[in-house]
1. Looking at (1) closer than 30 Å to residue 42 by Cβ; (2) loosely packed, with under 15 Cβ neighbours inside 10 Å; (3) modelled with pLDDT under 95, which is the one condition that is false for residue 225?
2. Return yes or no: is residue 374 in contact with a helix residue (DSSP H, G or I) (Cβ under 8 Å, 6 or more places away or on another chain), modelled with pLDDT under 95 and not in a loop (DSSP other than H, G, I, E, B)?
3. Do you know which residues across the stretch 10-33 are surrounded by fewer than 19 Cβ atoms within 10 Å (Cβ to Cβ) and either without any contact (Cβ under 8 Å) to a residue 40 or more places away in the chain or within 16 Å of the ligand (Cβ to nearest atom) (or both)?
4. Can you say whether residue 214 is over 19 Å from residue 85 (Cβ atoms), touching a strand residue (DSSP E or B) at 6+ places or on another chain (Cβ under 9 Å) and buried (at least 23 other Cβ atoms within 10 Å of the Cβ), as far as the supplied structure shows?
5. All but one of (1) surrounded by 21 or more Cβ atoms within 10 Å (Cβ to Cβ); (2) at pLDDT 95 or above; (3) part of a loop (DSSP other than H, G, I, E, B) hold for residue 283, so report the exception by its number.
6. Considering only residues that are farther than 25 Å from residue 247 by Cα and surrounded by 15 or more Cβ atoms within 10 Å (Cβ to Cβ), look in the stretch 34-43 and name the one that is farthest from the ligand (Cβ to nearest atom).
7. Just for the stretch 78-106: of the residues that are surrounded by fewer than 16 Cβ atoms within 10 Å (Cβ to Cβ) and touching a helix residue (DSSP H, G or I) at 6+ places or on another chain (Cβ under 7 Å), which one is modelled with the highest pLDDT?
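The values are calculated or read from the model by the stated rules, or taken from the named source; none is laboratory data. As the structure is a computational prediction, the values presented were derived from the model and not from experiment. Please note: Cβ atoms are built from the backbone with ideal geometry, for glycine as well, and neighbour counts cover all protein chains shown.
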Ligand SMILES: [Zn+2]
């Protein structure tokens, strides 16, 4: 294929910065009795050298991911975010709100209704346009942002929340790259995208979620009188320091992916040799590329436990590893449970005390010397 065109600015110059090879659509969990092979697509990240947006190259069409259980961390963060935005005076009682949600859950509308904000119908303009991990799922980034900005009423605010690219780089979260997630925003790239729509990011908040999540508040208007505040400035400075527009910096993710895949494979082989059973926990989409890159099948990892009823009877895409319900942790506690979503550690430990009672342990990617995994 030729050089991709940027999903945001349509520029054609850029660099491939991460290539995870042929991967199945990570949201496609086939039934266990479907032997495959599952269709695979190249999983690659490209960095636009014009606007700086890091983005997915291939556009594999795929069915919707079965709705997972909403991680408690996401619920807590939403409440925290709403509180902080309200304290800044951006969520006035009676304001009209429209939300672009994520297919993975995490709506703020309930929390906003409690504060007296009123949802509008699809397509109507509103005082508060909220996008909470939604826009990353749009293949056409240019059209997606244009639609959102156009719906902001005069004097209104656009709130955009994203897992920031500087976090992905700092924490080596190469496995944030996945089919269906078309954009990996830095504050710098998003500021450029907003400017192209006549908007300016005027303030921001940061959250620990996924290792570093940013909520940006943007308003119509550019130039004098619409300057970013100190918090946005410091995010932009951090972006520059980390090198979010530097293809060489992003390419480090490639080395990390390869070395972590080797570590995972070797650890599972040594556990198996020692006669210890390891089960996975959290059939998250982003476990998929990791398992395939590490050449892990059910002989090394007999099952991935997931509480979501929608995933029972299915297997991990591109592997022969079945998704199993959590009762297995209670009836046959394994020697170790490998968490693919670190944010779930606290709730998983609390929910299944049987694992540790039987001498088993919870292992996160961090404990194995990998990067902090994220949702
Ligand atoms: Zn671009």
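1. Checking residue 225 against (1) closer than 30 Å to residue 42 by Cβ; (2) loosely packed, with under 15 Cβ neighbours inside 10 Å; (3) modelled with pLDDT under 95, the one that fails is (1).
2. Criteria not met by residue 374.
3. Of everything in the stretch 10-33, those that are surrounded by fewer than 19 Cβ atoms within 10 Å (Cβ to Cβ) and either without any contact (Cβ under 8 Å) to a residue 40 or more places away in the chain or within 16 Å of the ligand (Cβ to nearest atom) (or both) turn out to be 10, 11, 12, 13, 15, 16, 22, 33.
4. Considered against the rule, which asks whether it is over 19 Å from residue 85 (Cβ atoms), touching a strand residue (DSSP E or B) at 6+ places or on another chain (Cβ under 9 Å) and buried (at least 23 other Cβ atoms within 10 Å of the Cβ), residue 214 comes out as no.
5. All conditions pass for residue 283, except number (2).
6. 38
7. It comes out as 79.
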